[in-house]
Every structure is written in structure tokens, then in C-alpha cells.
1. From the backbone phi of segment 47-61, what are the Karplus-calculated ³J(HN,Hα) couplings (6.51 cos²θ - 1.76 cosθ + 1.60, θ = phi - 60°) in whole Hz, Gly and Pro given as x?
2. Describe numerically, in nm with one decimal, the distance between label points set 7 Å from Cα along Cα→Cβ at Arg72 and at Ala14.
3. With a ≥ b ≥ c taken as the square roots of the eigenvalues of the C-alpha gyration tensor of segment 33-84, please select rounded if a/c is under 1.5 and otherwise prolate if a/b is larger than b/c or oblate if it is not?
4. Can you run phi through the Karplus equation (6.51, -1.76, 1.60; θ = phi - 60°) for segment 62-73 and list ³J(HN,Hα) in whole Hz, with x for Gly and Pro?
5. With all distinct Cα pairs included, what does the Kirkwood hydrodynamic radius of segment 6-105 come out to in Å, to one decimal, could you say?
6. Would you mind checking which residues have amide H under 5 Å from Ser77's amide H? H placed 1.01 Å from N; only 5 or more apart, or other chain.
Amino acid sequence: MTQYDVIIVGGGPAGYTAALYCARAALSTLVLEAMAPGGQMGTTDQIDNYPGFADGVNGFELAMNMQKQAERFGAESTFAQVSSMELTEPEKRSTRRTEIPLPVVL
Ligand SMILES: Cc1cc2nc3c(=O)[nH]c(=O)nc-3n(C[C@H](O)[C@H](O)[C@H](O)COP(=O)(O)OP(=O)(O)OC[C@H]3O[C@@H](n4cnc5c(N)ncnc54)[C@H](O)[C@@H]3O)c2cc1C
């Protein structure tokens with residue numbers, strides 16, 4: 001089973017921002033997303049208040065780019081609904097069907 005330095009629950013803008021920073025810091029990073037990359041942002045067709053996009057940007061397109069950017073530095077993504085986490089034991093484990101050792105959870 002792959003060991004990761006960081007597990008991020010949720011592939012919205014916050015999750016992929018964290019993934020980008022972790023992956024760029026050479027931490028092996030996994031994003032667990034229950035639905036689709038981008039979170040709420042991925043459901044809107046026009047975002048007009050994001051710097052760098054003079055004409056606005058489609059939310060889904062921006063979401064795909066956030067995922068691609070994090071993955072360019074080695075972050076991995078998988079579809080998974082995290083149902084609960086055990087965070088009190090020294091080695092943290094998710095309790096969905098597949099158990100993953102969780103050194104750091106965001
Ligand atoms: C219709 C609409 C239009 C919007 N337009 C704009 C706009 O123009 N400009 C702007 O700045 N903001 C806009 N927003 C707000 C913006 O989308 C949010 O502020 C932003 O998405 C928040 O990002 P987040 O990563 O914190 O959370 P979220 O986007 O909520 O992402 C959380 C992610 O975590 C996943 N998740 C949650 N629980 C679990 C679990 N147990 N296991 C696995 N995955 C899980 C969810 O599926 C989701 O993908 C809009 C929102 C909506 C709904």
C-alpha cells in the first residue's frame with residue numbers, strides 16, 4: 001500500500017491549494033474527493049473575481065487546472081468519500097473501506 005506524507009480530504013479550491021503547496025515541498029500528497037474536483041467552484045460557469053482572468057473563467061475549467069497544477073508536482077487524486085477518521089492514535093487511519101496510513105491529514 002502506498003504511504004503518503006499528507007492526505008487532503010476534499011478537492012475544492014482549498015484542498016488543491018494545499019495539495020499544490022505540499023507537492024511543491026516534495027511531500028507525497030493524496031487528495032481524496034467525494035464528488036468532483038473544484039468543489040462548489042466547479043458548479044459555477046463564470047467566476048469574475050479571481051485575479052489573473054481578465055474576462056472571468058469557467059469554474060469547472062479552473063477546477064481542472066487547479067488539479068492539473070497540483071498533479072504536475074506529483075500530487076495524486078482519487079475519488080473517495082471519507083466517512084470517518086481516527087486521529088487520536090499515533091498512526092492515523094481512515095476508516096472507509098480501504099485503510100490508508102495517514103501521517104498528516106488536512
Ligand atoms: C453557484 C456558486 C457560485 C460561486 N461563485 C463564486 C465566484 O464567482 N467567486 C468566488 O470567489 N466564489 C464563488 N463561489 C464560492 C466558492 O465556490 C467557494 O468559496 C469555494 O469553492 C470554497 O472552497 P473550499 O475548497 O473551501 O470548499 P468546497 O468548494 O466546499 O470544497 C470542499 C470539497 O470537499 C469535498 N468533501 C467534503 N467532505 C468530504 C468527505 N467526507 N470526503 C471526501 N471529500 C469531501 C466536497 O465534495 C468538495 O469538493 C461560488 C459558489 C457556488 C455554489
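Bear in mind that the values in this text are calculations on the coordinates, not laboratory data. As the structure is a computational prediction, the values presented were derived from the model and not from experiment. FYI the Cβ positions are ideal-geometry reconstructions off the backbone, even for glycines, and counts take in every protein chain you see.
1. For segment 47-61, the Karplus-derived couplings read 10, 10, 10, 9, x, x, 10, 4, 9, x, 8, 5, x, 5, 5 Hz, x marking Gly and Pro.
2. 2.5
3. oblate
4. Once θ is set to phi - 60°, the couplings for segment 62-73 become 5, 4, 4, 5, 4, 5, 4, 5, 5, 6, 4, 9 Hz.
5. After inverting the mean inverse Cα-Cα distance, the result is 14.2 Å.
6. Hits under the 5 Å cutoff: Val31.
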